[in-house]
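The values are calculated or read from the model by the stated rules, or taken from the named source; none is laboratory data. Note that the structure is predicted; figures quoted are calculated from it, not measured. All Cβ positions, glycine included, derive from the backbone under ideal geometry; neighbour counts span all protein chains shown. Ligands, DNA and RNA are stripped out before the accessible areas are found, and what is left, the full protein with its side chains, is counted by its heavy atoms. Shrake-Rupley method; radii C 1.70, N 1.55, O 1.52, S 1.80 Å.
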Amino acid sequence: MATTSPSTATAVATHSNGTAFVFVPNLCNAACAFCYVHPSLSQEAHASNLVLRRARATAEALADLGFREVRFTGGEPTIFANLPEIIEPFLEFGLRYRVLTNAIDIDAQLPFFKHHPPERFTISVHNTADPSSIFGVSISREHWAENRRKLASISEVEATFVLADAAHEESVVHHSIGELARDGVHHIKLILENSRQQDAQIFSKVASNLRSEWGETFRTFRFTAPGAVACKLSERAFPSVDLGRGAVYACCVQVGDRQLPSGHFSTFTADVDATRRTITSVIESAMTHRASVLPCSAGSQFCPIALEQ
């Protein structure tokens, strides 16, 4: 294992909280209109040997740099038949992991999850009463609820809602949160959809109302802080590795954005040393970012991952 400089170790611990996102290749079995990474639709997938080599190089590089946890997302991780081969190198190097999933089709991955439980599952929920309208594909409401309960029997579950029309979604979210409480979900996160800055005031009111009613039912209940209109990169961000593209981004909301300022995005190979240097460079660039506006070129007017605590 390579020696990490004290300054890099401090950056990883303080700026990144020892946490990185790992994006599987950009394929998904849902078609959510609000998804900012715009994945290709696929019901099943298989990670290539190149992706697996990148995963191993990333795992070793992150461990060398002092990272403690990775969060697998996509796309949809559970559609990859060889998902365990993607995750296993990270476990070998002593990293904890979480999985972000829509929980539409999880049965093939359950044996691995039961044998190697993640720290947490984060499920994209949005609407438990009519999931097909959100995910853009046909989903059995009952089967999806059963899948949520299966994951909750393995590890803690967080449910995420993306609100695109907060003024008309409060009752839907209220109903869904009640159902999630019965499913064994312990954490709730409400996110204001990136392009809806004009709804910031009503979103904050709706989110506060919901937290007042449901906050004591869950261990955490957080929501977007739409007043965060200055970039948080110099203070805190989660470096993100895209295994499909072979790229490292300074922040998870930048993944796939090719119009970023210099230093916020860099490609890497399946070589451990090169991967380590790339990740370090991106973190250091993020920490020196001093822009007063968001650097995301897609036009975000606030930081969707800045949360009210």
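Structure notes:
- Filter result for Asn127 (among the polar types (S, T, N, Q) and without any contact (Cβ under 8 Å) to a residue 40 or more places away in the chain): no
- Qualifying residue in the stretch 106-123 (condition: of a type in the set (Val, Ile, Thr) and not in a loop (DSSP other than H, G, I, E, B)): yes
- Residue check, Val248 among the hydrophobic types (A, V, I, L, M, F, W, C) and either at pLDDT 75 or above or part of a helix (DSSP H, G or I) (or both): yes
- Positions within the stretch 127-151 being open to solvent by 30 Å² or more (accessible area, probe 1.4 Å), in a helix (DSSP H, G or I) and touching a Cys at 6+ places or on another chain (Cβ under 9 Å), in sequence order: Ile134
- Of all the residues in the stretch 150-194, those that are under 21 Å from Ala225 (Cα atoms), of a type in the set (A, V, I, L, M, F, W, C) and touching a residue at least 60 places away in the same chain (Cβ under 8 Å) number 4.
- Contact map, the stretch 70-97: first residue outside any helix (DSSP H, G or I) and modelled with pLDDT under 95, second residue of a type in the set (Val, Ile, Thr) and open to solvent by 10 Å² or more (accessible area, probe 1.4 Å), Cβ cut-off under 9 Å, separation 6 or more or different chains; pairs are Gly74/Val37; Gly75/Val37.
- Matching residues, the stretch 50-96, being in contact with a strand residue (DSSP E or B) (Cβ under 7 Å, 6 or more places away or on another chain), closer than 16 Å to Val12 by Cα and surrounded by fewer than 23 Cβ atoms within 10 Å (Cβ to Cβ): Arg68, Glu69, Arg71, Leu95, Arg96
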